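The values are calculated or read from the model by the stated rules, or taken from the named source; none is laboratory data. The structure displayed is predicted, hence computed values, not measured ones. In this analysis, Cβ positions are derived from the backbone assuming ideal geometry, glycine residues included, and neighbour counts consider all displayed protein chains.
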């Protein structure tokens with residue numbers, strides 16, 4: 001079974017309207033249901049309006065993993081919340097680009113670039 | 001529920017009750033010095049009482065248990081045993097009731113499994129019926145296409161349909177596999193056929209299919225696709241990518257394979273893809289070969305858990321592209337994939353399409369039927 005650790009990073013400033021979740025590991029059909037359930041609950045309970053997925057240590061996703069991101073994106077959008085990706089590994093970026101995921105979910109090179117954008 | 005009883009409980013009962021009935025007889029015999037008539041009457045009562053007790057606590061429940069077990073063994077209707085005593089018969093009755101309950105549960109599950117298997121088989125044949133049975137003869141385009149599902153129902157799909165002097169071709173792969181993927185594949189295939197008469201370009205077709213598909217599928221599902229339009233008069237080929245795997249083009253003059261990213265966005269991922277997708281042309285010369293595939297091929301694994309991968313597939317196309325016949329090219333690639341995976345069971349659907357531009361109006365008598373390959 002693929003292993004994926006999800007860590008919510010501590011806020012630098014308490015008033016920030018965003019949360020950062022760091023992904024470590026892989027997402028495939030063996031763990032996609034569990035991950036989807038955890039993230040769906042997390043996004044429905046979060047009070048902040050922006051969620052950033054830091055994918056620095058995220059090594060693999062298949063199409064079902066991509067489906068999970070799409071589903072979360074639309075669920076959040078219907079609640080006026082926003083999802084972003086940052087520091088996507090090249091092999092994962094290839095998958096995202098191939099299916100066109102980056103055309104709907106904003107993707108940034110670094111965590112700083114997305115957070116500075118949100119702080120503005 | 002746990003059931004507990006001490007061993008030989010019913011026998012202990014019999015001995016205890018027998019003693020209780022025969023004790024007055026023994027006492028009378030030794031201490032009261034009753035005459036023979038009274039003694040015989042007492043013995044008679046004791047014997048009747050003992051028989052009654054034996055019948056009540058031993059023979060009757062034993063008969064009941066035997067009758068129901070015999071019915072169960074003979075596959076005849078049986079009923080639950082209503083023996084609740086805390087002796088061996090109570091224990092046997094508890095065991096019988098418990099085991100028959102489990103047998104009924106298993107029997108129901110087997111029936112359900114058989115029903116579902118029958119339904120899957122029907123669904124599978126319906127799905128097979130929407131895939132082309134044979135490839136239409138396309139002038140100047142020697143084409144072979146085959147698909148194989150990992151399960152009864154697959155998520156891979158393709159179609160080759162003539163329309164307005166052009167041939168429209170698509171290959172698609174739905175997220176995941178099995179029944180949910182198969183249903184999305186069926187919807188897309190139907191939309192392709194229904195909307196094709198209104199389409200002039202592959203881009204229009206992709207956008208209109210997406211518009212109807214998106215609200216009808218679960219948000220976790222999408223379908224990567226690439227649509228082609230081949231114009232036999234002009235011998236020109238156009239495509240619109242919707243997030244599918246690469247297009248491999250064997251360039252016959254140079255003996256190399258070009259890897260083209262399809263681009264665009266997968267169907268059902270966004271509500272309106274009109275501004276995201278676009279129709280492009282692939283310039284082809286005679287004997288150039290266009291190879292399309294689903295990720296079941298590049299993600300085919302061997303016993304070392306290695307992927308077949310895009311690199312190996314591209315090398316295959318370069319190696320066999322010169323064979324000059326799409327069927328030979330197809331079979332050679334298929335053989336390499338088969339040898340690579342060996343006995344390893346594959347979990348994903350596989351589809352492979354080879355299209356070779358020819359100088360001739362392709363009129364071969366070869367029947368290009370849909371054969372399931374040995375992947």
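Tell me, which residue of the stretch B:179-221 that is under 20 Å from the mean Cα position of the chain (by Cα), crowded, with 18+ Cβ neighbours inside 10 Å and not in a helix (DSSP H, G or I) is nearest to the other protein chains (Cβ to nearest Cβ)?
That would be B:220.
Out of the residues in the stretch B:257-289 that are more than 12 Å from every other protein chain (Cβ to nearest Cβ) and assigned to a loop (DSSP other than H, G, I, E, B), which is surrounded by the fewest Cβ atoms within 10 Å (Cβ to Cβ)?
B:283
Residues of the stretch B:243-256 being in contact with a helix residue (DSSP H, G or I) (Cβ under 7 Å, 6 or more places away or on another chain), in contact (Cβ under 8 Å) with a residue 60 or more places away in the chain and either assigned to a strand (DSSP E or B) or facing another protein chain (nearest Cβ under 9 Å) (or both), which ones?
B:245, B:246, B:248, B:250, B:256
Determine whether residue A:88 is touching a strand residue (DSSP E or B) at 6+ places or on another chain (Cβ under 8 Å), in a loop (DSSP other than H, G, I, E, B) and crowded, with 19+ Cβ neighbours inside 10 Å.
yes
For the stretch A:75-85, give me each residue that is surrounded by 14 or more Cβ atoms within 10 Å (Cβ to Cβ) and within 12 Å of chain B (Cβ to nearest Cβ).
Of everything in the stretch A:75-85, those that are surrounded by 14 or more Cβ atoms within 10 Å (Cβ to Cβ) and within 12 Å of chain B (Cβ to nearest Cβ) turn out to be A:75, A:76.
Can you name the residue in the stretch A:94-120 that is within 14 Å of another protein chain (Cβ to nearest Cβ) and free of Cβ contacts under 8 Å to residues at least 12 places away in the same chain and is also surrounded by the most Cβ atoms within 10 Å (Cβ to Cβ) among such residues?
Per the stated criteria, the residue is A:100.
When you scan the stretch B:316-328, how many residues do you find that are more than 31 Å from the chain's Cα centre (by Cα), touching a residue at least 40 places away in the same chain (Cβ under 8 Å) and in a helix (DSSP H, G or I)?
Adding up the residues that qualify gives 5.
Scan (1) out of contact with any helix residue (DSSP H, G or I) (no Cβ under 9 Å at 6 or more places or on another chain); (2) assigned to a loop (DSSP other than H, G, I, E, B) for the single condition residue B:152 breaks and write down its number.
Result: residue B:152 passes all but (1).
Name the residues in the stretch A:28-51 that are under 12 Å from the mean Cα position of the chain (by Cα) and surrounded by 18 or more Cβ atoms within 10 Å (Cβ to Cβ), would you?
Across the stretch A:28-51, the qualifying residues are A:35, A:36, A:39, A:43, A:50, A:51.
What number of residues within the stretch A:60-74 satisfy the criterion of being more than 10 Å from the chain's Cα centre (by Cα), part of a helix (DSSP H, G or I) and more than 7 Å from chain B (Cβ to nearest Cβ)?
So the count comes out to 2.
Okay, residues lined up against (1) surrounded by fewer than 15 Cβ atoms within 10 Å (Cβ to Cβ); (2) over 47 Å from the mean Cα position of the chain (by Cα); (3) assigned by TED's automatic domain parsing to the domain that holds residue B:189:
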| site | (1), (2), (3) |
| --- | --- |
| B:71 | yes, no, no |
| B:89 | no, no, no |
| B:101 | yes, no, no |
| B:121 | yes, no, no |
| B:144 | no, no, yes |
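Output the residues belonging to the stretch B:294-310 that are farther than 15 Å from residue B:339 by Cβ, touching a residue at least 60 places away in the same chain (Cβ under 8 Å) and assigned to a loop (DSSP other than H, G, I, E, B).
Answer for the stretch B:294-310, where residues must be farther than 15 Å from residue B:339 by Cβ, touching a residue at least 60 places away in the same chain (Cβ under 8 Å) and assigned to a loop (DSSP other than H, G, I, E, B): just B:294.
Regarding residue B:324, is this residue more than 13 Å from every other protein chain (Cβ to nearest Cβ), modelled with pLDDT under 95 and on the phi > 0 side of the Ramachandran plot?
yes
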